[in-house]
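Colleague: Here you go, one structure.
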Amino acid sequence: MKARLHKTVSFIMAVAIACVLFAVQGCGVYTFKDSVIPPDVKTIKINYIENRATYINPQLAQKFYDKIQQKVVGSTRLTRSNSDSAHYVISGTITGYNPTLTVGVSAQQATTNRLTVTLHMTLRKNLENKTEEFDVSRSFDYSANLSLQQAEGQLLDEVVRTLTDDIYNRIFSDW
């Protein structure tokens, strides 16, 4: 009787260990820091972000350029390069910076305004001789009691962080 119980317990433990090992092995591919970058891609050039919006916030282009560099260097294994022959070359243009007045009304008073920011991005993959273009755009609401300049002071970091994340995910996370 003891031998049979011992075999049963041993079998259950072996199955449990096999299940744990299988689960751990299967999950190893998916982590939040993983990027979808082919192993032969080693270098990246990030060009300055141009601002061609109708309304120009003088800080925006530099902040996007800096934040995209920080995100790529901090989250990938790629080495920055100044060469146009880098394996990946990222370029971008701010094409829209549009405040919209009165998107929210309460008691016949404007309560919410909106700022919509759009970037047109180009990713050149030199190893594949391929170019991808895409737009990212987000809207950010702010109180109608604020001027655009006041709202910019409050929103600028969120605008840059959110759109940089969108750009990064589009390029590196295969979204």
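Colleague: Within segment 123-138, which residues have the backbone N less than 13 Å from the label spot 7 Å out from Asn169 along Cα→beta-carbon, could you tell me?
Modeller: So the set is 136-138.
Colleague: Also, quick follow-up: A 19 angstrom limit on the alpha carbon distance is what I want to check against. Which of Lys45/Lys125; Lys45/Lys71; Lys45/Lys67; Lys67/Lys125; Lys45/Lys130 exceed it?
Modeller: Lys67/Lys125
Colleague: Let me ask you something else. What list of ³J(HN,Hα) values in whole Hz, one per residue of segment 155-160 in order, does the Karplus curve 6.51 cos²θ - 1.76 cosθ + 1.60 (θ = phi - 60°) give from phi, with Gly and Pro shown as x?
Modeller: Along segment 155-160, the couplings run 9, 3, 5, 5, 4, 5 Hz.
Colleague: What does the charge dipole of segment 35-172 about its Cα centre add up to, to the nearest 20 debye, if the Cβ of each Lys and Arg holds +1 and the Cβ of each Asp and Glu holds -1?
Modeller: Here the size comes out at about 320 debye.
All of the numbers you see were taken from the coordinates with simple rules; none came from a lab. These numbers come from a predicted model, not from an experiment. Positions of Cβ are backbone-derived with ideal geometry, glycine not excepted, and every protein chain shown enters the neighbour counts.
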